[in-house]
Amino acid sequence: MDRSASQLPELGQDPGREYRLGIMGGTFDPIHYGHLVTAEQAREALALDLVLFMPAGSPAFKQDREVTSPEDRYAMTVLATAANPSFYASRFEIDRLGVTYTVDTLKALRSAYPENVHLYFITGADAIIDIVTWHDAAEIASLATLIAATRPGYDIRQAQARIAASGIDFDVRYIQIPALAISSTNIRDRVRLGKSVRYLTSESVMGYINKNRLYHM
Ligand code: ATP
Ligand code: MG
């Protein structure tokens with residue numbers, strides 16, 4: 001696969017060095033500070049060179065509700081990540097048609113980058129517990145290291161037990177991030193009810209939501 005055709009940033013230029021590419025997938029409807037803190041602390045903890053934020057085109061898990069247009073979710077992702085030189089908003093999944101599976105994205109990234117670029121897939125604690133049930137979980141395990149962000153006090157034993165019971169050889173790194181009980185669902189609910197979402201997401205995203213009347217009805 002051609003990296004420039006899919007608008008992915010360059011990485012892996014020096015064959016004598018190892019590079020680390022983080023991938024933060026999500027619906028990002030809208031993106032919020034929970035996503036941003038998780039990605040930033042994963043970047044720091046695992047010395048990632050770049051983190052790609054990949055809004056899902058047609059999320060595999062969210063076929064049951066109306067999701068905001070990919071262009072709006074992508075625009076908010078660009079706004080929220082613009083000032084961080086290590087963050088990169090990617091159109092990669094929204095430009096693909098159909099349901100997005102993590103395994104397909106990881107396979108495409110694997111072929112787009114040279115061997116000296118290692119893939120790190122970042123997820124929140126809620127997602128890691130389900131990972132063994134994901135589409136082609138074993139192949140995901142072979143393609144990427146998983147970074148599982150947990151809150152202080154969160155018990156990782158249940159996740160570890162489920163992963164062990166799956167028999168799949170996942171490489172999971174657990175990192176602790178400050179508790180942030182922010183969710184996109186809560187932000188959408190608050191906007192609909194006319195409540196404040198200031199400090200749950202960036203000013204730029206908040207402005208975009210209001211300007212475009214997202215989530216209001
Ligand atoms: P929704 O409420 O619509 O499900 P969400 O807030 O969970 O949205 P997603 O786009 O579903 O956001 O999540 C993308 C990724 O970010 C997932 O890996 C999820 O676990 C992680 N994540 C979401 N919110 C947080 C948070 N507050 N802290 C840490 N990780 C988070
Ligand atoms: Mg979620």
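The values are calculated or read from the model by the stated rules, or taken from the named source; none is laboratory data. If you're wondering where the values come from, they're calculated on a predicted model, not measured in any experiment. Glycine also receives a Cβ, built like all others from the backbone with ideal geometry; neighbour counts cover every protein chain displayed. SASA here: full protein model, heavy atoms, side chains in, ligands and nucleic acids out. Shrake-Rupley method; radii C 1.70, N 1.55, O 1.52, S 1.80 Å.
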Notebook entry, point to check: Can you list the equivalent-ellipsoid semi-axes of the chain, largest first and in whole Å, using the square root of 5 times each Cα gyration tensor eigenvalue?
Noted result: 27, 21, 17
Checklist line | Per residue, in Å², the accessible surface of the chain once ligands and nucleic acids are set aside, probe 1.4 Å | finding: 49 Å²
Item checked: CD proxy at 222 nm, helix term only [per DSSP H run n ≥ 4: -39500 (n - 2.57); per residue of the chain; nearest 500] -> -10000 deg cm²/dmol
Item checked: Environment charge at Asp14 (Cβ cut-off 15 Å; Lys +1, Arg +1, Asp -1, Glu -1) -> -2
Next item on the list: Can you tell me the dipole magnitude for the chain around its Cα centre, using point charges on the Cβ only (Lys, Arg +1; Asp, Glu -1), in Debye to the nearest 20?
Entry: 760 debye
Note to self: Given axes a ≥ b ≥ c from the Cα gyration tensor, I'd like to know whether region 135-204 is rounded (a/c under 1.5), prolate (a/b larger than b/c) or oblate.
What the structure shows: prolate
Notebook entry, point to check: For the chain, modelled as a Gaussian network with Cα springs under 10 Å, which listed residue fluctuates most, Arg73, Arg43, Arg157?
Noted result: Arg157
Margin query: Ignoring ligands, DNA and RNA, please state the percent of accessible area on region 72-161 from carbon and sulfur, probe 1.4 Å.
Written below: 51 percent
Next item on the list: Subtract the Cα-Cα distance of Leu46 and Gln160 from 0.36 nm times their separation in residues, and report this length gain in nm to one decimal.
Entry: 39.1 nm
Check: Using a simple spin-label model with points 7 Å from Cα along the Cα→Cβ vector, what separation in nm is obtained for Arg213 and Arg96?
Finding: 3.4 nm
